[in-house]
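K.L.:
Let me give you the structure first, and then I'll get to my questions.
The values are calculated or read from the model by the stated rules, or taken from the named source; none is laboratory data. All figures in this text were calculated on a predicted structure; none of them were measured in a lab. Virtual Cβ from ideal backbone geometry, glycine too; neighbours counted across all protein chains shown. When the accessible area is computed, the model is the full protein with side chains, heavy atoms only, and any ligands, DNA or RNA have been set aside. Shrake-Rupley method; radii C 1.70, N 1.55, O 1.52, S 1.80 Å.
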Amino acid sequence: MCRLKGRVVVLAGAAGPKGQAIASKLLQAGAQLAWVQPPDRPEAVHSGEVYATDHLLKIEADAQGTDAVREILQQVLDRFGRVDGLIFAQDEAERCTAADCTDAVYHRIMGRNAKAAFFYTQVFGGAMVQAGSGKILYIGSIHDEKPTGSSFVYSLSKGALKMLKSEAALQLGRRGVDVHLIAAGPMEGDEARFLSGLSGIYEDAPSKIPSRALCSEAELAELCAYLLIGSTRSLNGTDIRMDGGFTLYYMDKE
Amino acid sequence: MELKGKVALITGAGKGIGRGIALCLAAQGAKIAVNYHASEAAALKTEADILAMGAEIMLYRADVSQRDQVAAMVDAVLQRFGRVDILINNAALQKNMELMEYTEADYDVIMDINVKGYWMCAQAVFPFMKAQSFGRIINISSVHGKRPTDFDPVYAMSKGAVKMLTRECAVEFAQYGITVNTIEPAAVQIEFKTGNPGPIRYKRTEKARRYNRYLIGRIGVPEDVGHLAAFLASEKSGFITGSAIRMDGAAMLV
């Protein structure tokens, strides 16, 4: 059922299987999709026959300021004429500690995960306010509360994103734009990204989830579609933790 | 005199909350290094007051958003006092600008001082604390690390990042006898206001809004923060790390 028919959604980031799942779900639901990826993350943008559709606009950009994001907005408006939803899913991570992290790593991760989120919110939120309605959805992380013990700057960026969500929910929510955050839990590949010698949570991560299954990209995509499709005014400002119970874990049980 | 023999570096301590912390730590016997940036006159007054208490103090002017200045500052503290036991990350900026008003330059200066500055100072003192198997890092944050401001989204984002900075550093530094905690003050009566107060655009009521939720009957004073900081800086707080203590007279509960 094409419940997003006529709606234009911007997907910023979301590389690999996560992005493919979200993009596929939105396109199947009838959305017109503008998918923005930094130039050094081309694999999802350029992959697959799934995306051979005139409902898809691919944009390569690493936008972290008002002017750069406005250029993206203009491309979206030139192609589709409107924007109804923004999914901000940029998710850079690199293993580093507070003691050994460099300025270059700090700025790259904070820039893509937090600063870009702010200016996408400013520009696309502003466009939706002018239109009278819209939805903003941040794909965040459980590490906006739970430290990684391995990827110090990643957590900082997600903590900042969580507060952006709350601020935007107030300032944009008054003007017809709903704002949500999905705090996503461990998915395929996260064990390698976050395995820590300090925190044991990613050692055999599935064993720490009641269902013994990592979170699935397909479920994430379903949730994104739900939040974009339905009336979600009562969910404005919400954090939805999507981790299968992972962050409830603290002791091993059979 | 719980802090006798300890050396404390306090950033942004020429005035306001930082000054209050400096006075309290000095009263507990600590040797004090006061960092300031723009407020030399206020820093000199703080110096005079601490000297009058019979305590030792040095002043050091540095911009905490600049790595070379942070390194030089820590080096100067070590040159003067031979060690550093306590770091109070307090220097922060608040512009009180709304989502649509922020420029990239405004965003950067807030995040570079409020987040990167805190991180760089912690990174700079860590080797010395590690070598002595003792350290106390206290990050002065805000209730707006969890509750949105509704008037300054980037300030809130910076405090959301500081929340995770504390947790990540606590996990990483614990094995070396270094604790890392956050104090989250609400309104504190200080002698100046940072940033641009601006009009309150979403005023719900004409009655005095600001302090009617402080059930305890007053807003905070710098010494309130100072007393808690003095405890967290002491050896008696050694089992408290990674925590955040909200200091708001119950205002956030109502």
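K.L.:
Considering only residues that are assigned to a helix (DSSP H, G or I) and touching a helix residue (DSSP H, G or I) at 6+ places or on another chain (Cβ under 9 Å), look in segment B:76-86 and name the one that is least open to solvent (accessible area, probe 1.4 Å). Full working, then the answer.
P.N.:
Looking only at segment B:76-86, we keep the residues that are assigned to a helix (DSSP H, G or I), and these are B:76-81.
Checking the rest, the ones that are also touching a helix residue (DSSP H, G or I) at 6+ places or on another chain (Cβ under 9 Å) come to B:77-78.
Values: B:V77: 2, B:L78: 35 Å².
Ranking the qualifying residues of segment B:76-86, first place goes to B:V77.
K.L.:
Now for a separate question. Can you tell me which residues in segment A:92-106 are over 26 Å from A:G16 (Cα atoms) and either open to solvent by less than 10 Å² (accessible area, probe 1.4 Å) or at the interface with another protein chain (Cβ under 8 Å from one of its Cβ atoms) (or both)?
P.N.:
A:A98, A:A99, A:D103
K.L.:
Any residue at all in segment A:107-119 that is within 14 Å of A:S157 (Cβ to Cβ), open to solvent by 10 Å² or more (accessible area, probe 1.4 Å) and touching a residue at least 60 places away in the same chain (Cβ under 8 Å)?
P.N.:
Looking for residues that are within 14 Å of A:S157 (Cβ to Cβ), open to solvent by 10 Å² or more (accessible area, probe 1.4 Å) and touching a residue at least 60 places away in the same chain (Cβ under 8 Å), one finds at least one in segment A:107-119, hence yes.
K.L.:
Scan segment A:223-254 for residues that are open to solvent by 40 Å² or more (accessible area, probe 1.4 Å) and either among the aliphatic types (A, V, I, L, M) or within 15 Å of A:G85 (Cβ to Cβ) (or both) and jot them down.
P.N.:
Selection gives A:Y226, A:S231, A:R233, A:L235, A:N236, A:I240, A:L248, A:M251.
K.L.:
List pairs: first residue in segment B:90-105 and within 13 Å of another protein chain (Cβ to nearest Cβ), second residue assigned to a helix (DSSP H, G or I) and among the hydrophobic types (A, V, I, L, M, F, W, C) anywhere in the structure, Cβ distance under 7 angstrom, at least six positions apart or on different chains.
P.N.:
Note: pairs meeting the criteria are B:L99/A:A168; B:Y102/B:V154.
K.L.:
Considering each of B:A13, B:A22, B:A26 in turn, give the residue that is within 16 Å of B:V77 (Cβ to Cβ) and without any contact (Cβ under 8 Å) to a residue 40 or more places away in the chain.
P.N.:
B:A26 is the lone residue from the list that is within 16 Å of B:V77 (Cβ to Cβ) and without any contact (Cβ under 8 Å) to a residue 40 or more places away in the chain.
Every residue, every condition in (1) facing another protein chain (nearest Cβ under 7 Å); (2) part of a helix (DSSP H, G or I); (3) in contact with a Leu (Cβ under 6 Å, 6 or more places away or on another chain); (4) farther than 20 Å from B:Q66 by Cβ, yes or no:
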| residue | (1), (2), (3), (4) |
| --- | --- |
| B:A122 | yes, yes, no, no |
| B:F126 | yes, yes, no, no |
| B:K130 | no, yes, no, yes |
| B:R136 | no, no, no, yes |
| B:P148 | yes, no, yes, yes |
| B:A161 | yes, yes, yes, no |
| B:R167 | yes, yes, no, yes |
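K.L.:
Working only within segment A:143-180, note down all residues that are of a type in the set (A, V, I, L, M, F, W, C), more than 7 Å from every other protein chain (Cβ to nearest Cβ), touching a helix residue (DSSP H, G or I) at 6+ places or on another chain (Cβ under 7 Å) and in a helix (DSSP H, G or I).
P.N.:
Step one: of segment A:143-180, the residues of a type in the set (A, V, I, L, M, F, W, C) are A:152-153, A:156, A:160-161, A:163-164, A:168-170, A:172, A:177, A:179.
Filter once more, keeping what is more than 7 Å from every other protein chain (Cβ to nearest Cβ): A:153, A:161, A:169, A:172, A:177, A:179.
Imposing the further condition that a residue be touching a helix residue (DSSP H, G or I) at 6+ places or on another chain (Cβ under 7 Å) reduces the set to A:153, A:161, A:172, A:177, A:179.
The answer is A:V153, A:L161.
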